[in-house]
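Structure, as structure tokens:
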Amino acid sequence: MEEPTNAIIQSSLDALMQDESFLPELTENMRQQAFTSLSAILSTPNKVHKSYLRVPLDNGKVVRIPSFRVQHNDALGPYKGGIRFHESVNEDEVMNLAFLMTLKNALHNVPFGGGKGGIVINPRTYSEKELNTISRKYVRYFADVIGPDKDIPAPDVGSGEREMDWMMAEYKKIHHGTPYLGSFTGKSVVNGGSKGRREATGKGVYFSFRYMIHDFLKEKEELLSSTDNVFARTTLDMAHRPLKVAVQGFGNVGSVTAHEAYKCPLVDNTVVAVSDRNVTLYNEEGLNIPALIAFSAKNKGDLPTTEEQLAEAGAKAEIRGRDELLTLDVEVLFLAALENQLHEGNMEDIKARIIVEGANAPTTEEADNYLSDKGVVIIPDILANAGGVIVSYFEWLQGRETQYDSEDEIYQKLVAQMKKTFDMILPQFYGDPFPLRQNCYIHAVSRLSKVLYKQGKLY
Ligand code: GLU
């Protein structure tokens, strides 16, 4: 597993070790032993499955595609997490992402453990027929280890409802006669998916930001004003004034986040920049986000890259280099692309005062420490981007009952669940010196540890 995760687990464990109210029944030696066990459990996955999918291509060639399913921990429920389709997928990355799923579910009280899958391909270079075969082969190779009460995959970068529909169909074929609706989440609505699942991550990401800067603040402004906590000062400083917003990534998460920011009546946002794998589009007056969403829907998910395409989209913007977005003079930066986007090489140039992690692990440990030391509020991945897995849980429940909620009901339930987590975390965050990520880790690890202890696993 990558170093950053290890460092932050260790400091969360250290903080818990010092907290006498945490598992007070443990006496001195047992306490030490329990923490040694915890550290081992958290820093390594339970199981790593690896296969080479044999796939015949349209041109007659046959390839072997490396693929993974990592099952990190299932103390809180069946393993749960997406399957990433990306050419840079590797075992360490999938292990780290599976670990983040364990923490994300623990933090938000979702009764699932943590897992993650990966297929090492660039899906843009395969035909629909080939992708169908790859998706089905993935299920066949991992058929014994997945299932509604074992391990439930979902979409991630490069995959979506189409792939989940294919995968569930294959699962159903293999496990004929057993319940199958809960084997995959993120399916299309006609195929047993949940309304609102596609938008859930992006909406949850925007809600996280809005909740901190508006809803929570409205009620707790006095509490924030009376502390000298550096993060409280940043939040207060950003409240009640116009905010320039930039969104990195314009896929399923970024485009929805940008749209939510664009239309939010509660915060005075101007979305001045968005970017994707090709470009940054910048307009100080604000971008026409609905026009850009309509364009990308017609152009394989890509933003306009030329003046002609901008005219076709009906959007006005300056075309800039892809990574320029990160260092623009904005107050708020949403990261909804891939991991390791803020790092030692660009951290000193970041101007945003609030960073919201829509992607998993977009900030390296160095950048995280550097920016937090400067009082930048980072709303971390496991807190901000849990909307996807929370609505996956609702989808899984609806599949069990074959009773489905309306989109509005799903959204209300989603924000109610995220609000609960925020209300648990924020008062402490504004009162102590730890950044938000550390606070979230402590809560997640504490919840997980209590269950592991009760299950007799901390010996
Ligand atoms: N891939 C998403 C995540 O990273 C969703 C996982 C799920 O719905 O299981 O949280």
(request) Would you please name the residue that is nearest to the ligand (Cβ to nearest atom), looking only at residues in segment 152-174 that are of a type in the set (D, E, K, R) and over 20 Å from N360 (Cα atoms)? (result) E163
(request) For segment 434-452, name all the residues that are assigned to a helix (DSSP H, G or I) and of a type in the set (F, W, Y). (result) Y441
(message) Would you confirm, using the coordinates I've provided, whether L266 is surrounded by fewer than 24 Cβ atoms within 10 Å (Cβ to Cβ) and not in a helix (DSSP H, G or I)?
(response) yes
(message) So if I check each of Y138, Y126, which one is away from the ligand (no atom under 16 Å from the Cβ), modelled with pLDDT of 95 or more and among the aromatic types (F, W, Y)?
(response) Y126
(request) Answer with yes or no whether S183 is within 15 Å of the ligand (Cβ to nearest atom), surrounded by fewer than 24 Cβ atoms within 10 Å (Cβ to Cβ) and of a type outside the set (D, E). (result) no
(request) Would you point out which residue out of I442, I410, I378, I425 is of a type in the set (A, V, I, L, M) and over 27 Å from L333 (Cβ atoms)? (result) I410
(request) For segment 388-396, state whether one or more residues are of a type in the set (G, A, S), surrounded by 14 or more Cβ atoms within 10 Å (Cβ to Cβ) and either within 22 Å of K187 (Cβ to Cβ) or more than 14 Å from the ligand (Cβ to nearest atom) (or both). (result) yes
(message) Under 6 Å between Cβ atoms, which residue pairs at least 6 apart in sequence (or on different chains) link something in segment 229-257 that is under 19 Å from V391 (Cβ atoms) with a partner that is surrounded by 24 or more Cβ atoms within 10 Å (Cβ to Cβ) and of a type in the set (V, I, T)?
(response) V253/T201; G254/V247; T257/V205; T257/V247
(request) For L414, state whether it is within 16 Å of the ligand (Cβ to nearest atom) and out of contact with any strand residue (DSSP E or B) (no Cβ under 6 Å at 6 or more places or on another chain). (result) yes
(message) Restricting to segment 78-114, and then to whatever is part of a loop (DSSP other than H, G, I, E, B) and among the small types (G, A, S), can you tell me which residue is farthest from the ligand (Cβ to nearest atom)?
(response) S88
(request) Name every residue in segment 276-302 that is in contact with a Gly (Cβ under 7 Å, 6 or more places away or on another chain) and among the small types (G, A, S), in order of residue number. (result) A291, G301
(request) Mind listing just one residue for me: the one in segment 357-387 that is outside any helix (DSSP H, G or I), away from the ligand (no atom under 16 Å from the Cβ) and touching a residue at least 24 places away in the same chain (Cβ under 8 Å) and, of those, farthest from L426 (Cα to Cα)? (result) T364
(request) Spot the failing condition for V48; the list is (1) in contact (Cβ under 8 Å) with a residue 60 or more places away in the chain; (2) hydrophobic (A, V, I, L, M, F, W, C); (3) closer than 26 Å to P380 by Cα, and only one is missed. (result) (1)
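The values are calculated or read from the model by the stated rules, or taken from the named source; none is laboratory data. Keep in mind the model is a prediction, meaning the values are calculated, not measured. All Cβ positions, glycine included, derive from the backbone under ideal geometry; neighbour counts span all protein chains shown.
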